[in-house]
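Visitor: Pasting a structure below so you can have a look.
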Amino acid sequence: MARKTRLPPLNALRAFESAANHRSFSRAAEELCVTAAAVSYQVRLLERDLGAALFLRQPRGLALTREGRGLQSVCQKAFADIGEVVEAIKAGSRQQRVRVTALPHFSAHQLFPGRDEFMRSFPQFDFEVDHNLALPRFPEEGYDFAIAFGTGSWPGFESELLFNSPVMPACSPKLLERLPLDRPEDLKRVPILLDDNTFHEMWVDWFRINELAGWEKLNYVNCNDIHALLSSAIAGYGVILEPRCMIEEFLGARTLVLPFAKALTNYGYHLVYPSTSIGTSAGRAFREWILGRTQALRAGAAAAE
């Protein structure tokens with residue numbers, strides 16, 4: 001059995017962490033309900049124990065040394081994690097929940113099949129999923145994370161790539177029997193089934209890579225229910241532009257086909273969130289898990305480029 005490292009006294013670490021946050025012994029004393037002399041004494045004991053100075057005592061206040069900055073970062077996380085567990089115990093709850101909004105097909109292939117794996121890895125946490133095509137208003141609607149599809153640009157939020165998926169037009173063979181699509185220009189003659197504004201932007205990009213004009217003249221038909229949209233496409237009522245990973249099973253069954261080979265390759269699924277969402281242990285756990293779960297898909301998409 002590995003020998004455990006002897007840790008400094010908890011009171012000394014707590015006094016140091018508070019003083020480091022406030023850059024002041026007196027303000028730390030107010031927070032901890034002790035005297036400034038007591039805080040200073042605990043910090044001196046800690047410095048003696050570590051054999052290193054943690055603060056530079058200056059006329060205008062305290063400044064952290066390199067060693068002090070390193071210890072502050074570790075102490076902040078450790079005390080935050082302890083505080084969250086204590087609050088969960090006080091509340092009589094074993095679990096903390098993360099709220100996620102996601103695209104329905106992503107939930108079906110990644111979130112719901114992986115929930116048991118998440119619970120085994122992080123038994124003190126859980127996540128709940130709502131479905132939305134648009135990015136939520138995070139603070140107002142109470143979500144911690146969103147799984148969104150796009151190029152990765154959501155100003156004001158953190159965005160991390162889960163995996164890319166090529167995007168290309170698809171339709172039913174039934175539609176091609178009635179309205180052959182021999183050239184991209186022929187798309188102007190058929191209904192274009194849309195499920196979100198993001199997919200409208202994707203049509204603009206797809207026309208651009210084909211060096212075509214006239215995307216604004218397409219016959220767009222809005223449908224914000226992905227199941228109705230796919231059913232309509234399979235029935236031959238129009239053309240869709242969707243991630244290949246979402247329609248792969250329909251391509252395999254030949255209920256959908258790809259009339260054109262050129263694809264958008266700069267779109268993918270992203271984890272989008274305000275920076276405050278990883279300020280909790282539950283938020284950090286969910287981020288770690290979903291990035292790990294999609295790592296192979298991310299690597300596979302990168303290798304295919």
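Visitor: With the crude spin-label approximation of a point 7 Å out along Cα→Cβ, what separation in nm comes out for Leu135 versus Leu176?
Guide: In this crude label model, Leu135 to Leu176 measures out at 3.6 nm.
Visitor: Mean separation of Cα pairs under 8 Å and 6+ residues apart, divided by the residue count of segment 10-90: what relative contact order is that in percent?
Guide: RCO, segment 10-90: 27 percent.
Visitor: Follow-up. Would you please classify the overall shape of segment 5-114 from the alpha carbon gyration tensor, given that a ≥ b ≥ c denote the square roots of the eigenvalues, rounded means a/c under 1.5, and beyond that prolate means a/b larger than b/c while oblate covers the rest?
Guide: prolate
Visitor: Still on this structure, please answer the following. Among Val86, Phe106, Thr255, whose Cα sits farthest toward the positive end of the charge dipole of the chain (+1 at Cβ of Lys/Arg, -1 at Cβ of Asp/Glu, about the Cα centre)?
Guide: Final value for the positive-end residue is Val86.
Visitor: Rounded to the nearest 5, what % of the DSSP beta bridges within segment 167-252 are antiparallel ones?
Guide: Bridges in segment 167-252 that DSSP calls antiparallel: roughly 45 percent.
Visitor: Which of His200, Pro139, Phe125 sits closest to the plus end of the dipole of the chain, meaning its Cα is farthest towards the positive end, when Lys and Arg get +1 and Asp and Glu get -1 on the C-beta?
Guide: It is Phe125.
Visitor: Averaging over every viewing direction, what projected area does the convex hull of the Cα atoms of segment 167-252 cover, in nm²?
Guide: Answer in nm², one decimal: 5.2.
Visitor: Continuing with the same structure: Using a/c under 1.5 as the rounded threshold, could you call the chain rounded, prolate or oblate? The axes a ≥ b ≥ c are square roots of the C-alpha gyration tensor eigenvalues, and prolate needs a/b larger than b/c, oblate otherwise.
Guide: prolate
Visitor: Could you give the length gained on full extension between His227 and Thr276, defined as 0.36 nm per residue of separation minus the Cα-Cα distance, in nm?
Guide: Full-extension gain reported as 14.3 nm.
Visitor: On to the next question. Over the chain, what is the relative contact order in percent, taking alpha-carbon pairs closer than 8 angstrom and at least six residues apart?
Guide: Reported relative contact order: 20 percent.
Visitor: Would you compute, from DSSP H runs of 4+ residues alone, the mean residue ellipticity of the chain at 222 nm, taking -39500 (n - 2.57) per run and dividing by the full residue count, rounded to the nearest 500?
Guide: Using -39500 (n - 2.57) per qualifying helix, the result is -13500 deg cm²/dmol.
Visitor: Do you know the relative contact order of segment 155-275, to the nearest whole percent, from alpha carbon pairs under 8 angstrom that are 6+ apart?
Guide: Dividing the mean separation by the residue count of segment 155-275 yields 53 percent.
Visitor: How large is the dipole of the chain about the Cα centre if only Lys and Arg carry +1 and Asp and Glu carry -1, each at its Cβ, rounded to the nearest 20 debye?
Guide: Its charge dipole is roughly 1320 debye.
Visitor: Can I ask one more? How much FRET efficiency would the formula 1/(1 + (r/R0)^6) give for Ala63 and Glu160, where r is the Cβ-Cβ distance and R0 is 45 Å, rounded to 0.05?
Guide: E between Ala63 and Glu160, to the nearest 0.05, is 0.85.
Values quoted throughout were computed directly from the atomic coordinates according to the rules given, and no laboratory measurement underlies them. Quantities reported herein were computed from a predicted structural model and do not represent experimental measurements. Counting neighbours? That spans all protein chains shown, and the Cβs are built from the backbone with ideal geometry, glycine included.
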